[in-house]
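Structure record follows, encoded as structure tokens.
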Amino acid sequence: MRSAETPLIRSLPLFRDMAEANFDTLMRGAYLQTFPPQIELITEGDPSDFLHVVIDGSVELCAGWNGRETVMATVRPISTFILAATIRNAPYLMSARTLEKSRIVLLPSVDVQAVFDVDAAFARAVVTELAQCYRGLVKHTKDLKLRTSVERLANYLLRKYTAAGAPAALDLVIEKRRLASYLGMTPENLSRAIKSLQAYGVTIEGSTVRISDPADLIGLAKPTPRIDDAAH
């Protein structure tokens with residue numbers, strides 16, 4: 001573990017207010033690793049040995065059952081995964097693999113659990129982060145269950161478009177097959193949804209998205225903060 005990464009971790013809301021001595025305890029057991037793309041970091045069902053902090057790169061969280069796999073989320077710097085399993089000392093409910101070369105700090109779960117028991121500020125931060133994750137999961141479930149595939153894609157693009165500052169061209173970043181999985185559809189359904197959005201001023205060529213009439217797309221998508229606002 002290099003000293004250069006310590007301020008980055010300390011700046012996260014999860015660790016920001018905890019006592020210095022307890023933070024030092026966590027850092028003593030931590031170590032930094034660099035992983036190449038497509039390396040499985042954790043496997044669904046395995047014991048939660050570490051809390052991971054993504055410093056550089058990106059990590060895909062996924063789950064499988066009966067020969068099928070789905071994308072649950074993509075983790076980008078600087079953020080942690082999977083906190084709930086660490087705190088509960090429970091098996092991982094998802095697998096995680098790198099999408100690109102990534103630098104990741106590993107914090108032993110036993111150290112995280114020990115500090116959770118004695119540091120009230122850290123415990124409050126854990127509860128806050130888990131509550132945010134829970135609300136995010138509810139919103140994503142509502143998105144999947146209440147919207148058609150075209151509406152899900154439209155709202156996904158609007159969220160990315162707004163977050164990027166309404167650019168003339170937007171990079172999808174994620175591969176289309178992974179996007180389809182995240183949005184709960186097949187690649188074929190995604191292709192049909194992309195074609196349907198052309199009537200609303202959306203063109204997607206490769207990974208480049210252009211939205212010529214945001215108001216028309218909003219009229220179709222009907223975004224709501226109870227699903228689309230990640231901050232609340």
- Among (1) within 25 Å of Phe35 (Cβ to Cβ); (2) modelled with pLDDT under 95 - the single one Arg68 does not satisfy: (1)
- Query: Hey, among Thr34, Thr25, Thr43, which residue is assigned by TED's automatic domain parsing to the domain that holds Lys139, polar (S, T, N, Q) and modelled with pLDDT under 95?
  - Reply: Thr25
- Message: I need the full set of residues from the range 41-75 which are over 23 Å from Asp111 (Cα atoms) and surrounded by fewer than 14 Cβ atoms within 10 Å (Cβ to Cβ), in order please.
- Response: Gly64, Trp65, Asn66, Gly67, Arg68, Glu69
- Hey, among the residues in the range 18-46 that are touching a residue at least 60 places away in the same chain (Cβ under 8 Å) and in a loop (DSSP other than H, G, I, E, B), which one's nearest to Thr80 (Cα to Cα)? Ala30
- Item | Long-range neighbours under 7 Å by Cβ, at least six apart or interchain, first residue without any contact (Cβ under 8 Å) to a residue 24 or more places away in the chain within the range 64-79, second part of a strand (DSSP E or B) | Val75/Val54; Val75/Val59; Val75/Leu61; Val75/Phe81; Arg76/Val54; Pro77/Val54; Pro77/Ile55; Pro77/Asp56
- Message: Give all pairs with beta carbons closer than 8 Å in which a residue from the range 177-201 that is assigned by TED's automatic domain parsing to the domain that holds Arg152 meets a residue that is of a type in the set (Val, Ile, Thr) and assigned to a helix (DSSP H, G or I); count only pairs at least 6 apart in sequence or on separate chains.
- Response: Ala193/Val150; Ser196/Val150; Leu197/Val150
- Message: For the range 202-232, give me each residue that is more than 23 Å from the chain's Cα centre (by Cα), in a loop (DSSP other than H, G, I, E, B) and either in the same structural domain as Thr128 (by TED's automatic domain parsing) or farther than 29 Å from Cys133 by Cα (or both).
- Response: Ser212, Asp213
- Item | Answer from Arg68, Arg28, Arg97 - the residue that is more than 22 Å from Gln132 (Cβ to Cβ) and under 16 Å from the mean Cα position of the chain (by Cα) | Arg97
- Item | Scope the range 124-160; condition free of Cβ contacts under 8 Å to residues at least 12 places away in the same chain and polar (S, T, N, Q); matching residues | Gln132, Thr141, Thr148
- Item | The one condition in (1) crowded, with 17+ Cβ neighbours inside 10 Å; (2) without any contact (Cβ under 8 Å) to a residue 40 or more places away in the chain; (3) of a type outside the set (S, T, N, Q); (4) not assigned by TED's automatic domain parsing to the domain that holds Thr86 that Phe116 fails to fulfil | (4)
- Task: Confirm whether Leu144 is aliphatic (A, V, I, L, M), surrounded by fewer than 19 Cβ atoms within 10 Å (Cβ to Cβ), outside any loop (DSSP other than H, G, I, E, B) and within 22 Å of the chain's Cα centre (by Cα).
- Result: yes
- Answer yes or no as to whether Ile87 is crowded, with 17+ Cβ neighbours inside 10 Å and more than 15 Å from the chain's Cα centre (by Cα). yes
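The values are calculated or read from the model by the stated rules, or taken from the named source; none is laboratory data. A quick note: this is a predicted structure, and the numbers were derived from the prediction, not measured. Because the Cβ atoms are built from the backbone with ideal geometry, glycine has one as well, and the counts that use them run over all protein chains shown.
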